[in-house]
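The values are calculated or read from the model by the stated rules, or taken from the named source; none is laboratory data. Note that the structure is a prediction, hence the values are computed from the model and not measured. Reconstructed Cβ throughout: ideal geometry from the backbone, glycine too, with neighbour counts over all protein chains shown.
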Amino acid sequence: MSLFDQLQQFQTWFNAEIDKAFAHIDQNIAGKLHQAMQYSVSNGGKRVRPFIMHTVGRMLDIDDKTLLPASIALECIHSYSLVHDDLPAMDDDELRRGKPTCHIQFDEATAILAGDSLQTLAFELIANADVSAEIKVSWMQELANRSGYHGMCGGQALDLAGENTQLTVEQLENIHLLKTAALLQAAVNMATACKPAMDKSEKIKLDNFAKNIGLAFQIQDDILDVTSTTEMLGKPQGSDEKLNKSTYPGILGLEQAIQKADQVYQNALEQIDNLPYNTQTLFEFAQFIVQRKH
């Protein structure tokens with residue numbers, strides 16, 4: 001089965017599982033907020049982070065149902081971050097995946113609360129998961145660390161502070177490692193947490209794979225912001241330039257940015273080259289990251 005077919009099959013299954021999870025949330029408490037939460041999680045995402053978590057899980061013979069609370073939790077965190085990123089005080093975007101952003105579809109206050117609620121829902125899902133207490137603690141620690149001050153939120157703060165400033169490549173890389181790569185690392189590490197006896201060096205290699213893929217993902221985002229269209233991206237093309245953000249094409253030039261993405265991609269492949277598992281899907285996934293068009 002091709003990676004495209006695997007992704008499509010996974011997205012269909014995962015989207016249905018998200019719908020089931022939201023069906024168990026009482027809509028009578030705050031109906032509009034419930035709608036905004038589900039709208040934001042079900043708004044056509046590629047499900048990259050859950051896909052890589054379950055891919056690593058399958059590679060390690062971990063059942064999909066075991067990982068499902070963790071992968072939905074991770075997607076809730078990712079979705080909340082996008083809802084808040086799109087707000088007028090942040091990136092001020094009106095389109096996300098070709099649809100109105102949450103604060104446009106509903107209103108700004110509801111969007112803020114939807115993001116807050118998705119974040120707390122993530123940890124509720126983990127707390128209620130049918131796994132050992134040790135795995136729950138590992139999942140919570142990993143998700144909190146990678147999504148908060150030491151990860152995604154810290155990266156977003158640095159990204160905002162870097163607007164109207166000419167950053168160095170090193171500074172830009174640090175932002176992207178925190179803002180984007182951290183949640184991909186969480187995806188991998190939450191899967192390997194289910195195998196406490198797994199060789200530590202193998203866990204480190206998978207973590208480094210995710211870190212490099214996360215960086216490649218963001219470099220490709222920067223490239224697409226220059227070379228693609230609003231219709232293809234599903235969000236405003238040229239938004240980085242509008243906000244006067246430093247990007248890899250802006251600092252290095254487009255050709256060197258493409259070379260940088262390929263270099264990081266090759267670094268990722270080196271990490272998993274000699275692992276004693278079937279890593280074919282991870283290889284194909286890495287290729288997808290640097291070749292995607294949206």
Report, by residue number, each residue of the stretch 200-215 that is of a type in the set (A, V, I, L, M, F, W, C) and surrounded by fewer than 24 Cβ atoms within 10 Å (Cβ to Cβ). Ile204
For Ala21, the lone unmet condition from (1) out of contact with any helix residue (DSSP H, G or I) (no Cβ under 7 Å at 6 or more places or on another chain); (2) part of a helix (DSSP H, G or I); (3) surrounded by 15 or more Cβ atoms within 10 Å (Cβ to Cβ) is (1)
Hey, among the residues in the stretch 264-281 that are surrounded by 14 or more Cβ atoms within 10 Å (Cβ to Cβ) and among the polar types (S, T, N, Q), which one's nearest to Phe217 (Cα to Cα)? Asn267
Screening Leu113, Leu118 for residues that are in contact with a Phe, Trp or Tyr (Cβ under 6 Å, 6 or more places away or on another chain), among the hydrophobic types (A, V, I, L, M, F, W, C) and part of a helix (DSSP H, G or I) leaves only Leu118
Which residues, counting only those in the stretch 212-249, are in contact with an Asp or Glu (Cβ under 9 Å, 6 or more places away or on another chain), modelled with pLDDT of 70 or more and small (Gly, Ala, Ser)? Ala216, Ser246
Residue check, Ala193 closer than 23 Å to Ala73 by Cα, among the aliphatic types (A, V, I, L, M), buried (at least 22 other Cβ atoms within 10 Å of the Cβ) and in contact with a Ser or Thr (Cβ under 6 Å, 6 or more places away or on another chain): yes
Looking at this structure, is Arg97 in contact (Cβ under 8 Å) with a residue 12 or more places away in the chain and surrounded by fewer than 17 Cβ atoms within 10 Å (Cβ to Cβ)? yes
Would a scan of the stretch 123-143 turn up a residue that is in a helix (DSSP H, G or I), closer than 22 Å to Gly44 by Cβ and free of Cβ contacts under 8 Å to residues at least 40 places away in the same chain? no
